[in-house]
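Visitor: Dumping the structure here so I can ask a few things about it.
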Amino acid sequence: MDILSWLFGAVQLTATVIMGIYFYTQLKRQQQAQPRNGRESAKEMENLRRMRAISLSEPLSEHVRPQRFEDIIGQEEGIRSLMAILCGQNPQHVIIYGPPGVGKTCAARLALEAAKQSPGTPFQQNAPFIEMDATCVRFDERAIADPLIGSVHDPIYQGAGPLGVAGVPQPKPGAVSRAHGGVLFLDEIGELHPIQMNKLLKVLEDRKVQFESAYYNPDDTGTPRYVHDIFKNGMPADFRLIGATTRSPEELPPALRSRCMEIFFRALNPQEIARIAYEAAQRAGFSMSRVTAELTGQYAACGRDAVNMVQMASGVAQLENRREIIVADMEWVIESGHYVRQPIQQASVDSRVGAVHGLAVHGSHQGAVMEIEAVASPGTGRVRITGIVEEEELGSGSRTMRRKSTAHASAENVITLLRQLGYADDRTDLHINFPGGAPVDGPSAGVAMAVAAVSALTGQPVDGSAAVTGEISVQGIVLPVGGVPAKVEAARLAGLSRVYIPRDNSMERFRDAGIQAVPIDTLQDALLAMLLPAASQAPAADAPIPTPNRLVAAPLQAKGCNLRHLPV
């Protein structure tokens with residue numbers, strides 16, 4: 001028995017000595033590593049300080065970034081809409097549509113600052129503005145890392161820290177929680193991954209982020225109280241989302257659109273881009289003539305392009321010790337950068353037979369004047385319509401779709417109506433053409449096609465100072481169409497004096513649009529107002545609306561038709 005006790009004691013002593021040696025060795029290594037780690041840390045901090053001491057000059061694009069709403073050119077209506085949504089007692093989520101380089105990000109940032117000062121606002125003075133680019137939001141489908149929504153750092157992950165060693169999962173907040181009480185600006189929101197989009201929609205609905213972990217034990221008394229609270233009640237994420245996108249509304253998920261107000265920033269016209277270029281040159285310390293600025297506006301697609309062109313032109317001038325950007329400098333930039341001249345909307349006000357100014361909307365709800373022409377010739381009653389792109393491809397890469405134009409259906413309505421009224425017959429061929437071959441979609445060119453056709457068939461010129469838009473039914477009724485505000489603005493910018501629109505599209509705001517917006521109900525209204533006697537010239541810009549033209553009704557009355565009794 002004594003021998004067994006002695007052996008047991010010897011084994012115990014040996015084990016104690018071995019464990020003591022082991023822990024002594026580990027402690028020695030730790031003590032030796034600490035100074036080395038300290039030296040490495042000091043070295044890296046010194047490198048970091050040296051790097052931060054070096055800084056280049058601020059790029060011109062950042063130097064001219066708008067600091068006030070007045071600095072954002074051409075977006076007065078969009079900014080007003082954004083302010084109406086955010087400034088008040090009940091700010092809403094919002095999506096901003098628009099082309100790149102028109103001030104969406106700057107407007108969102110300034111709108112939050114303005115909202116903080118509005119009466120009754122829920123935004124506090126320290127409300128954060130968190131900005132993320134949806135194209136760069138990387139996440140792990142296993143929820144290991146998610147910079148947008150947040151994630152849980154489970155104990156099994158490397159670097160879990162003291163809580164991880166204790167087996168405690170640690171919730172990590174994402175951008176939605178960092179934006180709590182403020183604004184989350186998500187640029188290019190249309191590019192967000194579908195999984196992330198669904199998670200974001202859940203956060204918008206619940207106004208919190210709910211975390212889950214297989215390692216969480218609600219009965220573990222060693223888990224900190226705040227971790228228990230987060231797993232039980234969620235991480236706060238009460239913010240207002242401002243999403244910006246260059247896509248069209250139809251390309252965004254309906255579930256997202258239904259939760260957000262939608263506003264539109266338009267593309268800038270050449271005059272506005274020229275102003276941006278002129279002011280950018282001044283801020284860079286260079287002078288620029290109006291001619292040079294206008295040249296820049298003709299080739300730059302947006303404000304960002306204009307600033308980049310000014311930056312390059314200023315570099316050319318500086319190489320030659322000049323503080324003035326001349327036309328030759330900008331011409332060299334245009335040629336070097338292969339910039340393409342942007343189309344200028346300037347309509348001819350000459351009154352011509354078979355030629356009418358139609359109106360269209362393209363791109364980011366940008367209006368445009370569209371020429372439509374018609375020619376009548378002896379024949380067998382054949383009708384040809386050219387210039388309409390029958391089918392177009394939308395999207396790029398794997399997300400493409402083919403869409404057929406509906407303009408031909410509108411043209412068929414026009415031909416049926418003209419035959420009903422007695423204009424078209426079996427002895428006359430009619431050719432309607434849309435010069436340029438642009439994709440013409442929708443029925444809004446119906447009235448314009450009818451006016452051009454009647455002009456060609458009767459030999460009466462069309463008022464060149466006016467434009468018209470509207471769908472036409474087979475009974476001659478003018479039906480409402482979309483994009484009328486943008487079309488009215490396009491007609492004004494093109495130098496026209498009046499525009500005829502469907503009565504159902506008429507608005508009080510058009511009274512101050514700088515152009516006469518005249519509502520019409522039937523094709524009769526358009527013909528009487530736009531067709532002139534054969535020897536007439538276009539009316540002056542300030543002339544009153546033309547009185548009914550008897551020459552329009554005469555051919556129909558001879559055939560037993562009465563334009564004044566068309567269905568209304």
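No value in this document is a laboratory result; all are computed from the given coordinates. Keep in mind that this is a model prediction, so the values were computed, not measured. Counting neighbours? That spans all protein chains shown, and the Cβs are built from the backbone with ideal geometry, glycine included.
Visitor: Using a Cα-Cα cut-off of under 19 Å, which aspartates and glutamates could be cross-linked to K199, ignoring same-chain neighbours fewer than 8 residues away?
Guide: Within the straight-line cut-off, K199 pairs with E131, D133, D140, E141, D146, D187, E188, E191, E212, D238, E251.
Visitor: How do W332, W6 rank when sorted from fewest to most other Cβ atoms within 10 Å of their own Cβ?
Guide: Fewest-to-most ranking of W332, W6: W6, W332.
Visitor: Right, next: Based on the mean of other beta carbon atoms within 10 Å per residue, what is the order of 302-309, 478-485, 170-177, most packed first? Write out the running numbers ahead of the final one.
Guide: Values: 302-309: 23.2, 478-485: 19.8, 170-177: 21.8.
Descending mean neighbour count gives 302-309, 170-177, 478-485.
Visitor: While we're looking at this one, here's another question. Could you work out how far the C-alpha centroid of the range 64-115 sits from that of the range 240-298, in angstrom?
Guide: The two parts, judged by their Cα centres, are 11 Å apart.
Visitor: Hey, another quick one. What is the calculated FRET efficiency for S289 to N198, with r their C-beta to C-beta distance and R₀ = 60 Å, to the nearest 0.05? Please list the in-between numbers first.
Guide: Values: r = 54 Å, r/R0 = 0.90.
With a Förster radius of 60 Å, E is 0.65.
Visitor: Express in nm, to one decimal, how much length is gained between R207 and R509 on full extension, taking 0.36 nm for each residue of separation and deducting their alpha carbon distance.
Guide: 104.9 nm
Visitor: Another one. Among T380, T522, rank each residue by its count of other Cβ atoms within 10 Å, from fewest to most, as a rough exposure measure.
Guide: T380, T522
Visitor: Right, next: Which entries of K172/K208; K104/K202; K116/K172; K116/K208 have Cα-Cα distances beyond 18 Å here?
Guide: Flagged as over cut-off: K104/K202; K116/K172; K116/K208.
Visitor: Work out, step by step, the length gained on full extension between T416 and E70: first 0.36 nm times the residue separation, then minus their alpha carbon distance; give nm to one decimal.
Guide: Values: separation 346, 0.36 × 346 = 124.56 nm, distance 5.13 nm.
Stretched fully, the T416-E70 segment lengthens by 119.4 nm.
Visitor: Okay, moving on. For the range 205-274, run through the GluC sites (Glu not before Pro) and keep only the ones in DSSP coil with at most 13 other Cβ atoms within 10 Å of their Cβ. It would help to have the intermediate numbers written out before the result.
Guide: Numbers: sites: E205, E212, E250, E251, E262, E272; in loops: E212.
Here the sparse-neighbourhood loop sites are E212.
Visitor: Check which residues have an amide H placed less than 5 Å from V353's amide H, if you skip close sequence neighbours.
Guide: Close amide H contacts, sequence-distant or interchain: V462.
Visitor: For the range 237-359, take the convex hull of the Cα atoms, compute a quarter of its surface area, and give me that in nm², please.
Guide: 13.0 nm²
Visitor: Next question. Which loop trypsin sites (Lys or Arg not before Pro) in the range 46-92, with loop taken from DSSP, have no more than 16 other Cβ atoms within 10 angstrom of their Cβ?
Guide: On the way: sites: R49, R50, R52, R68, R80; in loops: R68.
Sparse-neighbourhood loop trypsin sites (Lys or Arg not before Pro): R68.
Visitor: Give, in nm to one decimal, the length gained when the segment between E44 and E191 is fully stretched (0.36 nm per residue of separation minus the Cα-Cα distance).
Guide: Fully extending the segment from E44 to E191 adds 49.2 nm.
Visitor: Given H placed 1.01 Å from N in the peptide plane, which residues other than close sequence neighbours of T522 have an amide H under 5 Å from its amide H?
Guide: Under 5 Å from the amide H of T522: V478.
Visitor: Are there trypsin sites (Lys or Arg not before Pro) in the range 423-497 that DSSP puts in a loop and that have at most 13 other Cβ atoms within 10 Å, and which ones?
Guide: Filter output for the range 423-497: R427.
Visitor: Got a sec? How would F239, F69 order by Cβ neighbour count within 10 Å, fewest to most? Present the calculation step by step, with values, prior to reporting the outcome.
Guide: Values: F239 26, F69 19.
In increasing order of surrounding Cβ atoms, one gets F69, F239.
Visitor: Based on Cβ point charges of +1 for Lys and Arg and -1 for Asp and Glu, what charge dipole magnitude is obtained for the range 270-337 about its Cα centre, in debye rounded to the nearest 20?
Guide: Dipole magnitude for the range 270-337 comes out near 240 debye.
Visitor: State, as an integer percentage, the relative contact order of the range 270-337 based on alpha-carbon contacts under 8 Å between residues 6 or more apart.
Guide: 36 percent
Visitor: Using the beta-carbon distance between Q12 and S258 and R0 = 60 Å, what value does 1/(1 + (r/R0)^6) give for FRET efficiency, to the nearest 0.05?
Guide: The value I calculate is 0.25.
Visitor: Run the quick spin-label model on D429 and D229: label points 7 Å from Cα toward the beta carbon, then report their separation in nm to one decimal.
Guide: Simple spin-label model gives 8.4 nm for this pair.
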